[in-house]
Amino acid sequence: MPGIGGCKRGVVVKVLAVWGLLLGPVVLLRGQENVSQAESKPAASKPAPALDNLPLPKDQIIVVVEDLKQALERSPVRWVLLSPEAYQKLLQQVQPSRPAENPAEVLLAECHYQGRVIFPQGAGSRPLLLLQMRLLFATTRSQQRVEVGLKGARLTRAELDGGPVSWTSNDGRLSAVVASPGRHELVLETPIAVSYDAGQRQYTAVLENAPPAAITTLDIVVPGKVRSASVKNGGMLRLEFGEWPDPSPAKSGGGKIAGTRLLSDAVGVLSRLELSWQPVESQLPGPAGTLTGNIVVTLREAVVETEARLTLSVRQGEVSQVRLRLPPGSSQIFWSEENRATWNSLSTDGQGTVTLQLPTPLSSSTPSWSWTLRWQQNLPQKGPVRLAIARLELIEPAEYQQFGTIELNNPENRPVSWNGNVQAIEANRFRYLAQPVQLELRLEEGSTLPPLVEVQAQYSVLVTPQALIVRGEWQLTRVQRLNWRELEFDWPEGFELDQRGLPSNLVVDQPQPRIVRVQLAGSQFLPHKITLEGWTPLASASPHPSGQVGGQSPASSAPFKGRKEFALPWLVRAYGEHYGRNVQAEVRVLEAKVQFPATQFLFQLTLGPQTRGLLGPGGRRLYAQLPLHPPAELPWDSHGAEERIVLDLAWQPHLAAAQWEGKLCVTRQRWQLEQVLRWQFSVTTPPVLNLQVPPELRELQRVRLRLAVPKAKTLTWQEVWVPLETVSQQGGEESSWRRLVLPPGTFTGCEMHFNHTAPLDMSERGDGTLPVPIVLPARDEAELQTLRLRCWHTADLMVTPVPGSLWQADQDRPSSARGDSTDELAPDLALMSLVADAPLVLQTRSVPPRPSLADRLLVLLQPAQDRSSRMSVQAKYWLTGLGSTTLTLQLPPDATLTQVLANREKITPSPESAEDGSSRFRLLIEPRFLSRGLLLEVHYRLSASRPDAGPTMAMIPWPVRCRLPESEPGIEPGVVRWALLLEPSWRPVYVATSALPEENWHWHFDSLAVWNWLQFPTSQRSRQSLESWLTSGRDTSPGENAPLYVWRQHGAIGEMQVAIAARHAWTLGCSLIAVLVGAVWLYGPRWLRLPALLVAAAALLLLAWWSSWCLVATFAGALPGILIVAVLILAIELQRWWWEKRLEWQAGFESAPLGSTVQQPPPASAAPVKPRSTVEAPAGQLPHPLPSSTGQPGGLPSRSPSPSN
């Protein structure tokens, strides 16, 4: 029997599931067919080409028609006939809007840096690091891009698996295109300029946009001895000095390099390689010093301004003066030390050089000095000419290395050429490695540029209860070839110009309502910033086109709302002097922004569909309404068709956000609606809320209100009941509006709960409609964002929305606004609507009933603690799908109903007559139980059917047949668990059922108390754990041990027969039988032993066949008797062993083989010595041994004593 001896029987099933994923390449073929127009009149002599010879595309479809126009009109396909030029133009318009390609998806596995540092000879030479990168990676598909980076790098070698490389570029970053999947090796070589910092006395080589890899190693050879070396964010490097093979591939079989090897086996993932090392002082190679410069060149209308920030670093020797050669024609030369505002003028000699005397001579002890040098170059009025710019050659000290950067400010995009030792980093930014540089400005013959004014505009739009205010600020960022004097603005119609606060040197004139001019009061120039402000009263603004829409409460005053379409002020023209002539300059708006600041006026702003020239959030163009949440800022659409910004602005007071959620439970008899109206107050808490109540709920007097009270950083919910006040219409008639007065306080939101139950009207055919009454807020007080309905109904009913409804299926289940968990079932119907006034009408239709679904069923059996053999039964169903709310239950015979509970609530059943005389009753389940799992409990009592054979038979504990009630419609169970509850003084002696016992019993062998060993096996389950399993489906941890016995079955409801007996009586009877059987076996006649054994075995087999539980109960009750028999056998064996040992200890006795005889010793002359024995026995006789456990006289015969000499 399972569960005996603490052994658990379990079946472990291992299921291996293999999912196959078939990946197939999808090839998308895009073809573009260029069709050329045929000549109007083909040559008569040239024959028409055959159809097979025509250059037709692959998989072509040929349609032969007489009239192309009629064929296109009659075709079911919508054709668009374009010329090749028009089609190419459309492709060019679509091309900029195509999304960029996805970045490479391949991560480099390994990156190995190898290289050497060289110091070229000659003036202006700079050390270089000849770096080789060996990249290892793997691709999974063909034509896959592998991003390498190396933006701005100059590659001298590139090989992919020994062959050429196919490159693509994204924002200057290189990516290699790999044709086939697999493991690949990419070898790249590039030279990197090495800079020297005289202050820290170290060399630095930087590789921008280095290829990041999971494993990165470094092996660089530097001439001479190195004291220390490191990689930024990569740690210190290992140094090895000696002669090393040249790592460059060109000299792989050549000589060696004497120097220091910089090594690292794990640098880490680097996106920027910055290698630094410090050489030994006595072996500083390279030039005697360096001159680094950051040169900024600004191209203006008539001059070229150059500013150079220079740093001279001395490594060897001493420097007391610096001579520099400037470009020809340089003038206005000034210099200043770093961090000083004093400028000193310089003049050039006949060779165009300037000399600077250093305040302190430079040497290795004071190695560096920084200063700034400025000069100008005049531009000729006519071309052609080539002007050298950014030239700054160091003449003294000689043999110094020069390098740095050049930044070119070229607002007019004048042509510039460069070559030689100048490298372009990006647009208008260069790097030079030596001086003089070959950077030239080209001026062509007859090139004249018109005057230009560039401006940045910023607008501010403010809505107040009295006026709409627009403020504009124009920042003049650049003026070219113009001495400007006057600005002309295009002013919006209907806006009054506010001249208060304007500067006194400005004269603002408005000759026409749409034109505003700003002029100078004197001969001074205009300021760089112009600010104008205008306003229009809101009383003249056009009201909202819809006026007062439906749903506005008559009890509240209509809030002010409006809408206006207007253009913002725009700077259109500028006037000034150009080479002594008064001209009109072009105005170019570079950037414009419109701000909607946050103010104390609580208005909600919305941009309508007529808004033009603005971009929405994320840079998207506006095609519909856009709600604004001040402070907000929107940019100008500079690439759009509109040159100006036109606003379609609507405003209204801030409305609270509201959400409606309904829970509808429908049965054939009744329906119940629980609706929740959630409010989210945006700014302040309104004192009064107005509700539009449907006629079905007008009798409602009070409403349950939950208020969200802010407390610190959390929200607490306060629940109150608030009365509803009726709002009367004109004439004293009752309206559909109700007023709700909120309690005093500050709240961030609230929830209103409304419940309504009504009968369901269905026709004789079993169909009908159900209009759902919805409580809505006033439109002028709240914006109803979403409406969601969840519906549950019984299985004998089908509920759907009527055709043409504005409600649609809701795919997302809304989360609770309070964040608490819910045990609701999945709804049978989920609908949502974004239209506030959309009516909700459902149609119902009857369908054939289906059985109810009971996921879990728990049957608790509790016998009466007397000899009446009565038993209390509690059948508990966990129902998740009701086939019908009308449930008919028929109890088994001899059963008496005690009570029925539904979710712990008592239900009054309706009795019905049954043909067999059994108890039959009907239950009516309320609709509110449909949304959650229903716990249905049926309690009744059963009596045992015992034969009428007198008082003797009445004393026998007859079994009670426990059966569950039959239901109509039926109940399909999932898991059924039977539990038998007994008092400690009673034990089950007979259990017959088709369910399998659960392996949760154990014997009481966990203590040294012998009496506990003889107890009946009890269960590790508790009633609380079974109750928790019934509602949650999870077994909790075992509780306290209790006389509880559990059986389990799946998918079927059987029956159980149970008989109980008193614990002491059953134990005494079973133990007495065990003792009698043991006594017969030990002391009974030999002929009786075998029949007694056969009878006992037959009895056990009969019990096992009749009820396996009886075998367990008999064995458990006979444990004391079995223990007594075992102790008796042990005592007999110990006594026999003791007598045998005493015989061996007697003098003159020793052990003899079994079956030997004892001979009489001959008489002796001398009297025998009396043996030392504690037992007196006659001479020549032995004591009789005690019988053994087999009934035979035991003991070993002793040898006769040997005769004495």
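Coordinate-derived values only; no laboratory data. Remember, it's a predicted structure, so these values are computed and weren't measured experimentally. Note that we place each Cβ from the backbone using ideal geometry, even for glycine, and neighbour counts take in every protein chain shown.
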Practice task
Output the relative contact order of the stretch 656-846, whole-number percent, from Cα pairs under 8 angstrom with separation of 6+ residues.
Solution key: 29
Exercise for the section: Putting +1 on Lys and Arg Cβ atoms and -1 on Asp and Glu Cβ atoms, find which of 236, 142, 184 reaches farthest to the positive end of the dipole of the stretch 108-283. Expected result: 236
Problem - Cβ-derived FRET efficiency at R0 22 Å, residue 405 paired with residue 305, nearest 0.05 - result: 0.80
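Taking the number of other C-beta atoms within 10 Å as the exposure measure, put 623, 432 in order starting with the fewest. Mind showing how you got there, number by number?
Details: 623 9, 432 25.
Starting with the residue having the fewest Cβ neighbours, the order is 623, 432.
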Handout entry: Inter-label distance for residue 721 and residue 639, nm, one decimal - labels placed 7 Å from Cα along Cα-to-Cβ
Key = 6.5
Problem - Sequence-distant residues sharing a close amide H with residue 881 (under 5 Å, placed H) - result: 853
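Just order 711-718, 853-860 by mean Cβ neighbour count inside 10 Å, highest at the front, would you? Kindly include the intermediate steps, with their values, before the conclusion.
Working: 711-718: 9.6, 853-860: 20.6.
Highest to lowest by the protection proxy: 853-860, 711-718.
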Practice task
Read phi for every residue in the stretch 643-659 and hand back ³J(HN,Hα) as whole Hz from Karplus 6.51 cos²θ - 1.76 cosθ + 1.60, θ = phi - 60°, with x for Gly and Pro.
Solution key: 7, 10, 9, 10, 9, 10, 9, 10, 9, 7, x, 5, 10, 6, 8, 10, 9
Problem - Karplus-derived 3J(HN,Hα), 6.51/-1.76/1.60, for each residue of the stretch 274-279, Hz, glycine and proline x - result: 10, 9, 10, 8, 10, x
Handout entry: Kirkwood hydrodynamic radius of the stretch 656-846, from inverse mean 1/r over distinct Cα pairs, in Å
Key = 17.9
Completion exercise
Residues other than residue 723 with Cβ under 10 Å of its Cβ, Lys/Arg counted +1 and Asp/Glu -1, net out at +2
Fill in the blank from the handout: For the pair residue 274 and residue 1093, the simple spin-label estimate (label points 7 Å beyond Cα toward Cβ) gives in nm 9.6
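How many percent of DSSP beta bridges within the stretch 656-846 run antiparallel, rounded to 5?
Antiparallel: roughly 85 percent of the beta bridges in the stretch 656-846.
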Fill in the blank from the handout: Env charge @ residue 648, Cβ radius under 12 Å, K,R +1 / D,E -1, value +2
Fill in the blank from the handout: Residues whose built amide H sits under 5 Å from the amide H of residue 116, excluding neighbours closer than 5 in sequence, are 130, 221
Completion exercise
The extension gain from residue 1139 to residue 941, computed as 0.36 nm times the residue separation minus the Cα-Cα distance, is 64.9 nm
Practice task
Using amide H atoms built 1.01 Å from N in the peptide plane, name the residues 5+ places from residue 484, or on other chains, whose amide H lies under 5 Å from its own.
Solution key: 577
Handout entry: Pair residue 510, residue 590: separation of 7 Å Cα→Cβ label points (nm)
Key = 3.1
Exercise for the section: Go through the stretch 322-335 residue by residue and turn each phi into a ³J(HN,Hα) via Karplus (6.51, -1.76, 1.60, θ = phi - 60°); whole Hz please, and just put x for glycine and proline. Expected result: 10, 10, 10, 9, 9, x, x, x, 6, 8, 6, 8, 9, 9
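Tell me, what is the percent relative contact order of the stretch 108-238, built from C-alpha pairs under 8 Å that lie six or more residues apart?
With pairs under 8 Å counted, the relative contact order is 33 percent.
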